[in-house]
Number of protein chains: 2
Amino acid sequence: MADMEHAIRVQENNVLGTLKLLWIIKDVVPESSLIKLGTLGEYGTPLTGRPLFEGLFPADATIEWDERKWSLGGETTPRDPASFYHVSKVQDTFNILEACKYWWLRSYDIMQGVIFGVYTEELELDKRLRTRFDIDEWFGTVINRFVAQAVIGIPLTLYGKGEQIRGFIALDDAMQCMIRLIISPPEPGQYDVVNQISGLHKLGELAEYVAKVGNEKVGLDIKIQRLENPRVEADSHPFEVVSKKLPRVFGFTPTIKLEEEIERMFKILLEPEIKSRIEMKRHTIMPVTTWQGEKREMRKLEKYDPGTKEYKGYKPIFDT
Amino acid sequence: MADMEHAIRVQENNVLGTLKLLWIIKDVVPESSLIKLGTLGEYGTPLTGRPLFEGLFPADATIEWDERKWSLGGETTPRDPASFYHVSKVQDTFNILEACKYWWLRSYDIMQGVIFGVYTEELELDKRLRTRFDIDEWFGTVINRFVAQAVIGIPLTLYGKGEQIRGFIALDDAMQCMIRLIISPPEPGQYDVVNQISGLHKLGELAEYVAKVGNEKVGLDIKIQRLENPRVEADSHPFEVVSKKLPRVFGFTPTIKLEEEIERMFKILLEPEIKSRIEMKRHTIMPVTTWQGEKREMRKLEKYDPGTKEYKGYKPIFDT
């Protein structure tokens, strides 16, 4: 949503790139499997509280209308992408779905939750594997941004009410899922979708976790700052996500605990070299672009100490 | 589906073109309305017989799952596009939907049925307005192709069983619909979808109509030829389409009768100048590309005289 050039470039890269890849797979290696990274953000947050299924309606879902009833099983679920980036992922979904149908290609399309953490066993072994760590308003993901903000003394920023609920998964658990998908490839012609998350969290509560770990274990003095929401999104909404296939079919068990991963992040991000890299990017942290297209600072709504506020609103529901 | 270059070019043109247009509307003329041409082919043909709603689920549609029930009203309906061209139209749908949400643009997205005929009042007035008339396997639409085939003595080609059902609308009626949409523009932020058709027909029955008019009124000797289906599609399927908004909200009443329009087409296409233009394109009429990507002639299945065969299978259901 940054500007027209970025919106066009992301769709050109993602959509035309995936389409070209599909033709190449068909022509050169039709027996290979495409493991595609999509995002839970394809689905939006339906205000009815309808569960977010795994890409396609489950076999036992039915629709009723006009006093008649039909199965919805196997049909694509409604999409309501959160930005033009997320639109590009929806656009990919349909190219892949069709390529599997026309050409009997095979693909798992991963609707991934928000990634957090910087830990995998391999990354521990060699510091040269530490590549990018995004903390800006566009690419930065929320938990990683919170820890980076805490490390350089910026209050943790919540947008609007801060009651947005999202699905999350630690980097190492996401790697585990992908390995499990790779070693159990789809059948020819099979297009299947998995929701790849290990839990659901309300953003305001995540800010509390990060502040608690930072204050108690690292000795920081972290505040929380609510800002005007730059995005067009519900900031208080029901959220129920189905994520049954990875644990039940592919044997995925999450191994990373949220607070342990936050503590591990603090240790790494507080290393002087990393901290100074974050300092250099300090100016990219506060959001300056509204989803409506304005470039300006967001209004500050409320600043408070962690532990002084109770997050109410909806409780997330996680079907595994 | 012709080849990689065409698939990429159609998505580049349609998707990036529409995205650029949306940004320009936002920046320059945000109060204008976008009347967008999509296609009924975005929906596919659900084998459950579930109705094809108008882009978004109607307010009184509900989903039942896990012994619970939710409204689906307003959510995007499942999409199952019939080719990469149709995928590009689905991809447009989501860019437009989101632009209306973020920027309060306004749009009617028309899911148009298959166009037939070459008549409008304006086209009658000046022959210079006769521009392209597509009869090839890609751009040619079925009724127009049938009449063109009949005019140059090729049997009318049906793919597979020939029991595919599609929604149709005559060119002049489509123009009437668009004018009605233009004079009743959407509200700011409103994204709405209309299914723009005047009737549903089975392709095998359309071949009979064209043959009957051509044989009885024009004195031709038309045969029907079933071919191996080059496409990946059901050739016998239920089909129920909802198209209530145009007649009920916008006052659309179809004025063109199918057999009259076919007769009018015969008159025009038999004009020596037009007939010779069709003769020049004779080599483009028979399909030579399978949806799986092969380039070859299709197997001939059965050739028969019109009136000797009864088309059974599903009856179309048209909700107006």
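The values are calculated or read from the model by the stated rules, or taken from the named source; none is laboratory data. Just so we're clear, the structure is a prediction, and the values are computed from it rather than from any experiment. Heads up, the Cβs are rebuilt from the backbone with ideal geometry, glycines too, and the neighbour counts pull from every protein chain shown.
Restricting attention to segment B:186-238, the residues being under 30 Å from residue A:291 (Cα atoms) and more than 23 Å from the chain's Cα centre (by Cα) number 5. For residue B:28, the requirement of being closer than 25 Å to residue B:197 by Cα, modelled with pLDDT of 95 or more and either crowded, with 20+ Cβ neighbours inside 10 Å or not hydroxyl-bearing (Ser, Thr, Tyr) (or both) is not met. Quick check on segment A:40-57. Is at least one of its residues surrounded by 19 or more Cβ atoms within 10 Å (Cβ to Cβ), within 21 Å of residue A:243 (Cα to Cα) and without any contact (Cβ under 8 Å) to a residue 24 or more places away in the chain? Scanning segment A:40-57, I find at least one residue that is surrounded by 19 or more Cβ atoms within 10 Å (Cβ to Cβ), within 21 Å of residue A:243 (Cα to Cα) and without any contact (Cβ under 8 Å) to a residue 24 or more places away in the chain, so the answer is yes.
All told, residue A:36 meets the bar of being assigned to a strand (DSSP E or B), of a type outside the set (Phe, Trp, Tyr) and crowded, with 16+ Cβ neighbours inside 10 Å.
Here residue B:50 fulfils each of the conditions (1) within 30 Å of residue B:320 (Cβ to Cβ); (2) more than 8 Å from chain A (Cβ to nearest Cβ) apart from (2).
Can you find even one residue in segment A:263-284 that is β-branched (Val, Ile, Thr) and within 18 Å of the chain's Cα centre (by Cα)? Taking every residue of segment A:263-284 in turn, none turns out to be β-branched (Val, Ile, Thr) and within 18 Å of the chain's Cα centre (by Cα). All of B:226, B:264, B:282, B:248 fail the test of being basic (Lys, Arg), touching a Phe, Trp or Tyr at 6+ places or on another chain (Cβ under 7 Å) and modelled with pLDDT of 95 or more, apart from B:264.
Residues in segment A:118-156 that are of a type in the set (Val, Ile, Thr) and in contact (Cβ under 8 Å) with a residue 24 or more places away in the chain: A:118, A:120, A:135, A:141, A:142, A:143, A:147, A:151, A:152, A:154. Has segment A:272-279 got at least one residue that is within 26 Å of residue A:238 (Cβ to Cβ), of a type outside the set (Asp, Glu) and in contact (Cβ under 8 Å) with a residue 60 or more places away in the chain? There is no residue in segment A:272-279 that is within 26 Å of residue A:238 (Cβ to Cβ), of a type outside the set (Asp, Glu) and in contact (Cβ under 8 Å) with a residue 60 or more places away in the chain.
When residue B:8 is tested against (1) more than 7 Å from chain A (Cβ to nearest Cβ); (2) in a helix (DSSP H, G or I), only condition (1) is not met. Across segment B:53-63, the qualifying residues are those that are at the interface with chain A (Cβ under 8 Å from one of its Cβ atoms) and not in a loop (DSSP other than H, G, I, E, B), and the one among them that is farthest from residue A:73 (Cα to Cα) is B:62. If you go through segment A:74-104 and keep only what is within 17 Å of residue A:195 (Cβ to Cβ) and without any contact (Cβ under 8 Å) to a residue 24 or more places away in the chain, you end up with A:74, A:75, A:76.
A single entry from B:73, B:113, B:117 fulfils the requirement of being modelled with pLDDT of 95 or more, over 30 Å from residue B:235 (Cα atoms) and of a type outside the set (A, V, I, L, M, F, W, C): B:73. In the set (1) free of Cβ contacts under 8 Å to residues at least 24 places away in the same chain; (2) part of a strand (DSSP E or B); (3) not polar (S, T, N, Q), residue A:179 fails one condition alone, (2). Total residues in segment B:267-312 satisfying the condition of being polar (S, T, N, Q) and loosely packed, with under 11 Cβ neighbours inside 10 Å: the figure is 2.
Selection over segment B:271-311 of residues that are of a type in the set (Ser, Thr, Tyr) and more than 20 Å from residue B:228 (Cβ to Cβ) gives a count of 2.
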